[in-house]
Structures are given as structure tokens and as C-alpha cells.
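Undergrad: Before anything else, here's the structure in question.
The values are calculated or read from the model by the stated rules, or taken from the named source; none is laboratory data. It should be emphasised that the depicted structure is a prediction, and the values quoted were computed from it without experimental measurement. When we count neighbours, we look across all protein chains shown, and the Cβ atoms used for this are built from the backbone with ideal geometry, even at glycine.
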Amino acid sequence: MLDRVWFSRYPRPQECIFDNGKEFLGKEFQELLKRYGIKPVPTTVKNPQANYVERINQTLGNMLHTNELEEFDFDYNDPWTQILSNCAWAICSTIHTVMEATPAQLVLGRDMLFYLTFKTKWCDIKSKRQQAANKNNTQENSKRQPHKYRVGDLVLLDHGKLQQKLLPKRTGPYQVLRVYNNGTIKLQRVFYAQRVSL
């Protein structure tokens, strides 16, 4: 689908950021990227680079929930094409508050509603994104309690929203083996050591 819908119609990206889903790590997807000369950039767990994709997935899910699907006249051979293409168009033509532009304007250099070209000011966008990131970091860090981890401490590992609802949200305690100065620590799990972000 990526090959037929995106790569055949739009300018090809220099790199592709993706999470560790098996559909992205598989041979077929990796060969597709290699064939088009696109650098694969897999993210690590809980990496903010992938947040934009997750945010779009959340938006897409909300759009599907708000559609009155029970009243929709589905094509039984291909039930999702029309709905997903409508959602994709809405996402591509909606202005991003931080960048003050639509994804289509940034990627294609033109507006999706009017026959207008769009000149992207990448320096301004980079500055606005940094300001938004700083504001979000300040807001997030205001809730944190400072804590110095030491070798030998026992800690619980919080799994957050990554686990299924009925599984425990925390596991441990695990002993701290090493403290790094980049905000990570190495823990002794049951059968192996693991480096985790704080």
C-alpha cells in the first residue's frame, strides 16, 4: 500500500522513521525502503520521534469513532478505502498549530483547498517546534520529583500504557547496576541486564 499510494504519487523521503512493529522490521518493508534509497530509522521504545505518528493514529481513531459507520453504505469488496481516504484528506488539509501549515503544504508545497503555492519557511518552523518542545518539557518536568539513583537501589519498572489492561503496570523490584549521566540506568532483570530511560 505504501508503494502504491505514497511512493508512486509523491516525492520520496530521504528517511523513514518507524517503530518496532513486525510489519516495519520485516523483510518486505526493509527491501522496499532499500529499493527506493530511503534510509530506515527505527525508533527505540518510548522515543518522542515517533510521537507524531502515534498522534496521527490517535486522530485517525477518533475520526473513525465519530463517523456514523452503521449508516455508511459500504462497498463490501473494499469497505475502508473511501472512509480512510476522506480521513487522510482531512488530516493533510488541517493546519498544524505549531507549524502553522498543513502537512500537504509542507510536503507538496501547495494548498489542498485552493490553487495556491506554499513556500515553507523551515527555519521558522524549526524555531517554533523547539519553542513548543521547550514549553512541553517545562510543563512535564514541573510534575517530577528530583531523585538521584545509586548503584544498589531497588526500583520498580513502570510499563505505563504499553501493557494490556489486566497485566501489572509495574514489575520488580530490580537492582540498579549502573547510573548513566544521560538519564538512563542499567537494571538487573531476572535473566539479563537492561538499560532503561528514567
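Undergrad: Of all residues in region 81-97 being among the polar types (S, T, N, Q) and either farther than 21 Å from ARG4 by Cβ or under 19 Å from the mean Cα position of the chain (by Cα) (or both), which is modelled with the lowest pLDDT?
TA: Applying the first criterion (among the polar types (S, T, N, Q)) to region 81-97 yields 81-82, 85-86, 93-94, 97.
When the remaining residues are screened for being either farther than 21 Å from ARG4 by Cβ or under 19 Å from the mean Cα position of the chain (by Cα) (or both), the result is 93-94, 97.
Numbers: SER93: 91, THR94: 91, THR97: 85.
Among those that are among the polar types (S, T, N, Q) and either farther than 21 Å from ARG4 by Cβ or under 19 Å from the mean Cα position of the chain (by Cα) (or both), it is THR97.
Undergrad: Among the numbered criteria (1) surrounded by 13 or more Cβ atoms within 10 Å (Cβ to Cβ); (2) hydrophobic (A, V, I, L, M, F, W, C); (3) within 30 Å of ASN182 (Cβ to Cβ), which single criterion is violated by LEU156?
TA: Failing condition for LEU156: (1).
Undergrad: List pairs: first residue in region 132-143 and surrounded by 10 or more Cβ atoms within 10 Å (Cβ to Cβ), second residue not in a helix (DSSP H, G or I) anywhere in the structure, Cβ distance under 7 angstrom, at least six positions apart or on different chains.
TA: Between residues of region 132-143 that are surrounded by 10 or more Cβ atoms within 10 Å (Cβ to Cβ) and residues that are not in a helix (DSSP H, G or I), the close pairs are ALA132/VAL98.
Undergrad: Can I ask one more? Taking the criterion of being touching a strand residue (DSSP E or B) at 6+ places or on another chain (Cβ under 9 Å) and either in a loop (DSSP other than H, G, I, E, B) or β-branched (Val, Ile, Thr) (or both), would at least one residue in region 62-73 satisfy it? Break it down stepwise before answering.
TA: Our first condition is that a residue be touching a strand residue (DSSP E or B) at 6+ places or on another chain (Cβ under 9 Å); within region 62-73, this holds for none.
The answer is no, given that none of the residues of region 62-73 is touching a strand residue (DSSP E or B) at 6+ places or on another chain (Cβ under 9 Å) and either in a loop (DSSP other than H, G, I, E, B) or β-branched (Val, Ile, Thr) (or both).
Undergrad: Quick one: which of VAL41, VAL45 is β-branched (Val, Ile, Thr), more than 27 Å from ASP78 (Cβ to Cβ) and at pLDDT 80 or above? Walk me through how you get there before you give the answer.
TA: On the way: VAL45 fails: at pLDDT 80 or above.
Unique residue meeting the criteria: VAL41.
Undergrad: To continue, here is another question. I'm trying to understand the selection: among the residues of region 107-131, which are in contact with a strand residue (DSSP E or B) (Cβ under 8 Å, 6 or more places away or on another chain) and part of a helix (DSSP H, G or I)?
TA: Within region 107-131, ILE125 is the sole residue that qualifies.
Undergrad: Filtering region 60-113 down to residues that are closer than 20 Å to TYR10 by Cβ and among the β-branched types (Val, Ile, Thr), which residue is surrounded by the most Cβ atoms within 10 Å (Cβ to Cβ)?
TA: Taking the candidates together, the pick is THR102.
Undergrad: Go through region 4-19 and count every residue that is in a loop (DSSP other than H, G, I, E, B) and in contact with a Lys or Arg (Cβ under 8 Å, 6 or more places away or on another chain). Spell out how you get there, then give the answer.
TA: Step one: of region 4-19, the residues in a loop (DSSP other than H, G, I, E, B) are 8-14, 19.
Subset that is in contact with a Lys or Arg (Cβ under 8 Å, 6 or more places away or on another chain): 14.
Adding up the residues that qualify gives 1.
Undergrad: I need the full set of residues from region 6-28 which are touching a residue at least 24 places away in the same chain (Cβ under 8 Å) and either in contact with a Phe, Trp or Tyr (Cβ under 7 Å, 6 or more places away or on another chain) or of a type outside the set (Ser, Thr, Tyr) (or both), in order please. Steps first, answer last, please.
TA: The first filter runs over region 6-28 and keeps only residues touching a residue at least 24 places away in the same chain (Cβ under 8 Å), leaving 7, 10-20.
PHE7, PRO11, ARG12, PRO13, GLN14, GLU15, CYS16, ILE17, PHE18, ASP19, ASN20 - these are the residues of region 6-28 that are touching a residue at least 24 places away in the same chain (Cβ under 8 Å) and either in contact with a Phe, Trp or Tyr (Cβ under 7 Å, 6 or more places away or on another chain) or of a type outside the set (Ser, Thr, Tyr) (or both).
Undergrad: Note down all Cβ pairs under 8 Å where the first residue falls in region 52-64 and is free of Cβ contacts under 8 Å to residues at least 60 places away in the same chain, the second is surrounded by 11 or more Cβ atoms within 10 Å (Cβ to Cβ) and small (Gly, Ala, Ser), and they're at least six residues apart or on different chains.
TA: MET63/ALA90
Undergrad: Does ASN182 satisfy the condition of being more than 24 Å from MET1 (Cβ to Cβ) and either among the β-branched types (Val, Ile, Thr) or without any contact (Cβ under 8 Å) to a residue 12 or more places away in the chain (or both)?
TA: Considered against the rule, which asks whether it is more than 24 Å from MET1 (Cβ to Cβ) and either among the β-branched types (Val, Ile, Thr) or without any contact (Cβ under 8 Å) to a residue 12 or more places away in the chain (or both), ASN182 comes out as yes.
Undergrad: Can I ask one more? Filter region 175-198 down to the residues that are in contact with a Phe, Trp or Tyr (Cβ under 8 Å, 6 or more places away or on another chain) and of a type in the set (A, V, I, L, M, F, W, C), then identify the one that is surrounded by the most Cβ atoms within 10 Å (Cβ to Cβ).
TA: LEU187
Undergrad: Kindly establish whether GLN163 is modelled with pLDDT under 90, under 26 Å from ARG55 (Cα atoms) and not small (Gly, Ala, Ser). Full working, then the answer.
TA: Details: modelled with pLDDT under 90: yes; under 26 Å from ARG55 (Cα atoms): yes; not small (Gly, Ala, Ser): yes.
So GLN163 passes the test.
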